[in-house]
Structure formats: structure tokens, C-alpha cells
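**Q** The structure follows.
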Amino acid sequence: MKKISILCIILLSNYVASACDICGCGVGSYYIGLLPDFKQRFIGLRYQHKTMRSHLGPGGTTSYLTTQETYQTAELWGGWNIGRRFRVLGFIPVNINSRENQGITTSKSGWGDVAAVGYYQLLDKQYTTGRGQLLVQSLWIGGGVKLPIGGYEPAERKENEDAPNNFQLGTASTDFTLNAAYDIRLIDIGINTNVSYKLNTANKYDYRYGNKFTANVLAYYKIRVADKVSLAPNAGILYETAAKDREAGTFTVDMSGGYSLLATAGIEATIGKISAGVNFQPVISQQLADQRVKAGSRAMVHLTYLF
């Protein structure tokens, strides 16, 4: 537990020093949550749906400028356990963005930025409690890289300087993540924690998305329904915070940065080598882009093959 506390302190202190996209919308957001219960490898499809409103006035008031934005991502994702200590996760997304203002809808779609994360298992312990119950702990730490595959339109930024620079398919920058995942389980009841700190670099257009810290905690309960059939209802919270973007090296972008706190509830099901899951994330609290942006609820579903 001491190792876990030290790791969290390091990540949080990095955020204070320089704390991508706000409210998890747009480019560069990779939510993991509960991984499928796989032994060696998995591959699957995930779909994520997120919304936000921009161009809000004082107190969240709306006007003819207010825009409703929707961000959808369909991604191929997979994982591979290499031996007992190493794990690699990969994400290949296709993004579908749309926004509506005064009855006029604008949309764009295409490949997003691909990402890979490598983990090392620092802790893997099993204990038997005084009551004869099995207690299992694991801690994975690692880092990742995001490559600029998705399209980025500098004209989009110039034409909408008073709006968040979210309406892009990619960031046009190579970015890096520091990651940790901790799980503790007593028989079939467990708590899963994921933390990530994303360090963004400036793209070739001299725009740099603010670094971002993400943490989510989920409590879950594994239910053995039948042989090779299990359910895992889960619930928890998700917290995201990002620094303001920077342009031309020194200029701070006002319509960026902030924090959001969301609840999350879902269920995972495994039938043999097939895993499926769904979760819903309503907003509890938020303060984004100097309160001129408001995020909506999010949802995610996945279908995954374990092998």
C-alpha cells in the first residue's frame, strides 16, 4: 500500500507542475475501466458516446451562439499478457464528430490517433485471511505513447478561436502517458483503480493541448452464474482535470482546461471466450473552460473476444 501511495503522490505532483482535451470529449481520451478477465490475449470493439455544449454565457445561459456537440468513437482495442509480468494494450479509433447550431449540423469523421500502453506488474500477492477468505492484490505500472494518425485542421482553430479546440479527429502531436492500475479483491468483491497522467507535446502548428490527469475507482462484485458464465456489476467515480492549452509557445487558450467529476455504473458479462460490457457516466460536478462549456453524460459498450 505504501508503494501505491507514493505512486499517486508522484503523479499528482506532476500535475501541479504543468497540469488535452476537456471533459473527455474530442481527441486523446482513453478510458480503460474494468478490463475483461483475460489470461493471455483479447481483442474487441468499443463504442463511446459523449456530448457537450459550448459558447455558454454567465451561469451557463444559452444564446444563438450555443452549440451542441457530439463525439462518438468506435475503436479496435486489444491486450496481450507477455509472461507473468508484462502487459500491452492498444487502441485504434475511428472518430465521428458532429455539432449543431441554429439547426445547422456540421460533422467530420475519420481515423483518430492510435495509442499503445505497456505495463509491468509490480505487485501480485495472494493472502488467506484469518477467516479463511482469499485476498488478492495486483499493481501494474507503465507508460504509453499516442501517435498523430488522426486528421488535424489548423483552419478549424482559426475559425473558432472562441471555442474549445476539441472538434478535431487527432492532435497532430506525439504524446505520452504514465499509467498505474491497482486491484484488490476479497473473494468476489473488489475495488479497481486506474490513474493516468498524459503529457502532451506541441504539434507542428505550434498548438499544445494541456496535460491531463485522469483517475477512476470502481467497486465490483463477480457473480458466478454458471460454468464459464459470470457477471460483474460495478460502480464508482471518474475524475479528470486538465491544464489550459497553449498556442505559439506562450499564449494561454482561455477556452480550455478545467475539471469534471462523474459517477459511473455498469456491468461486465463473460460467456466462455466472449466478454461484453456497458457503462454509463453521468456528470456530478464540472468546471470547464471558465464555465463556458458544459459536458453531458457519457456511455460506452464493448464486445471482446478472449483467447
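Just so it is clear, none of the values below were taken in a lab; they were calculated from the coordinates. Since the model is a prediction, treat every value here as computed from it, not as a measurement. Glycine also receives a Cβ, built like all others from the backbone with ideal geometry; neighbour counts cover every protein chain displayed.
**Q** Roughly speaking, what is the centre-to-centre gap between segment 236-307 and segment 54-94 when only Cα atoms are used, to the nearest Å?
**A** The two parts, judged by their Cα centres, are 7 Å apart.
**Q** By per-residue mean of other Cβ atoms within 10 Å, what is the highest-first order of 130-142, 207-219, 40-52?
**A** On the way: 130-142: 13.9, 207-219: 21.2, 40-52: 17.8.
Per-residue mean Cβ counts within 10 Å order the peptides as 207-219, 40-52, 130-142.
**Q** How would you rank 56-69, 192-205, highest first, on the average number of other Cβ atoms within 10 Å across their residues? Write out the running numbers ahead of the final one.
**A** Numbers: 56-69: 13.1, 192-205: 18.7.
In decreasing order of mean packing, 56-69, 192-205 become 192-205, 56-69.
**Q** Beyond 28 Å, how much of the Cα-Cα pair distribution for segment 2-306 remains, as a whole percent?
**A** Details: 17734 of 46360 pairs.
For segment 2-306, the fraction of Cα-Cα distances above 28 Å is 38 percent.
**Q** How large is the helix-only mean residue ellipticity at 222 nm for the chain, computed as the sum of -39500 (n - 2.57) over DSSP H runs with n ≥ 4, divided by its residue count, in deg cm²/dmol to the nearest 500? Numbers along the way, then the final one.
**A** Values: 2 runs with 23 residues, N = 307.
Theoretical 222 nm ellipticity from helices: -2500 deg cm²/dmol.
**Q** What share of Cα pairs, in percent, lie more than 16 angstrom apart in segment 163-218?
**A** On the way: 890 of 1540 pairs.
For segment 163-218, the share of Cα pairs beyond 16 Å comes to 58 percent.
**Q** Treat every Asp and Glu Cβ in segment 2-306 as -1 and every Lys and Arg Cβ as +1, leave all other atoms uncharged, and give the resulting dipole magnitude about the Cα centre to the nearest 20 debye. Before the final figure, lay out each step's value.
**A** On the way: 31 positive and 23 negative charges, 242 e Å.
Charge dipole, segment 2-306, about its Cα centre: 1160 debye, nearest 20.
**Q** How big, in percent, is the set of alpha carbon pairs in segment 108-250 lying more than 26 Å apart? Walk me through the intermediate numbers first.
**A** Numbers: 4433 of 10153 pairs.
So the portion of pairs separated by more than 26 Å is 44 percent.
**Q** Along the charge dipole of segment 2-306, Cβ charges K/R +1 and D/E -1, which of ASN200, GLN133, PHE213 sits furthest on the positive end?
**A** GLN133
**Q** Once you keep just the Cα pairs under 8 angstrom separated by 6 or more residues, what percentage relative contact order results for segment 159-198? Can you show the working numbers first?
**A** Values: 30 pairs, mean separation 13.9, N = 40.
Relative contact order of segment 159-198: 35 percent.
**Q** Moving on. Quick one: give the max-minus-min coordinate of the C-alpha atoms of segment 198-248 along each principal axis, largest first, in Å.
**A** In descending order, the Cα extents are 59, 20, 10 Å.
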